[in-house]
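The values are calculated or read from the model by the stated rules, or taken from the named source; none is laboratory data. Quantities reported herein were computed from a predicted structural model and do not represent experimental measurements. Using ideal geometry, Cβ is built from the backbone for each residue, glycine included, and neighbour counts are taken over all protein chains shown.
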Amino acid sequence: MVHEIIKSKFNVFIEALLLTLFVFIIGFFIGYYVEYLRTSSVEQSYKAYEIDALDLKLQNYYYQIMDYSSCVNAIEQNLIFADKIYETGLNLERYENVNDLSKDILLEKERYVLLKNELWLNSILLKRKCNDSFHTVVYLYAQNTNTGKEAEQAAIANTLKKIKEGYGNEIILIPMAGDLDLDSVRMQLKNYNVTYLPSVIIDEKIVLTGYHPQEEIEKYLGKKKIISL
């Protein structure tokens, strides 16, 4: 009798153990599959910018040969492209905040940063060629951070987001990592004497190191345009 009771308890224990292992394995594979889908989605998002990078390159050639009569359309397209990149960047940033970057995704991000740098150079070219008054606000942040710097960068990003929402198409906001060891980005940092990340470059003239309040940044942008309806 005692032997049967022990055997029965042992069978119950084995069944519970097998059920627990089964649930664990199923949960593991579901989690792995969900993470795989997320990673693949981000990689595809970054890779899609290879076409955009080529598009920007061709736009740059066009801006160099176009005449002044084409300025309005060129600036409009540049603003649309900039907003597209900015909005997608916000989505990718939300993913990065909750996931570690794999080597493949980090490689795609480097391509994405190069795309942003080319957008910046195109915007500079357009401003000079068309004598337009739209602002460029380039936010150079550190990809590799400690806890203290993460808080500082989060505050800067939030402030710049509010400014962008307030000024709309008067501003091209370009956030990009400045420490991914990319030569073209390193050249820009050296050109504007940026030695600390995060920093904000306004209209290729003003360099603000670290956090600055919204009111101070807006001082360099001037008043927002009032559009009459």
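Restricting the range 148-174 to residues that are acidic (Asp, Glu) and free of Cβ contacts under 8 Å to residues at least 40 places away in the same chain leaves a set whose member that is nearest to GLN214 (Cα to Cα) is GLU165.
With respect to the conditions (1) surrounded by fewer than 18 Cβ atoms within 10 Å (Cβ to Cβ); (2) modelled with pLDDT under 90; (3) over 21 Å from LEU182 (Cα atoms), ALA74 lacks only one, and its number is (1).
Within the range 175-195, residues that are within 22 Å of GLU87 (Cα to Cα) and loosely packed, with under 15 Cβ neighbours inside 10 Å reach no partner that is modelled with pLDDT of 95 or more and aromatic (Phe, Trp, Tyr) with beta carbons closer than 6 Å at six or more positions or on different chains.
The set of residues in the range 196-211 that are buried (at least 18 other Cβ atoms within 10 Å of the Cβ) and closer than 21 Å to ALA151 by Cβ comprises LEU197, PRO198, SER199, VAL200. In summary, GLU150 fulfils each of the numbered conditions (1) over 25 Å from THR88 (Cα atoms); (2) modelled with pLDDT under 90; (3) not hydroxyl-bearing (Ser, Thr, Tyr) with the single exception of condition (1). Of all residues assigned to the range 154-172, at least one qualifies as being closer than 23 Å to ARG111 by Cβ and not in a helix (DSSP H, G or I). Of all residues in the range 131-153, those being part of a loop (DSSP other than H, G, I, E, B) and aliphatic (A, V, I, L, M) number 1.
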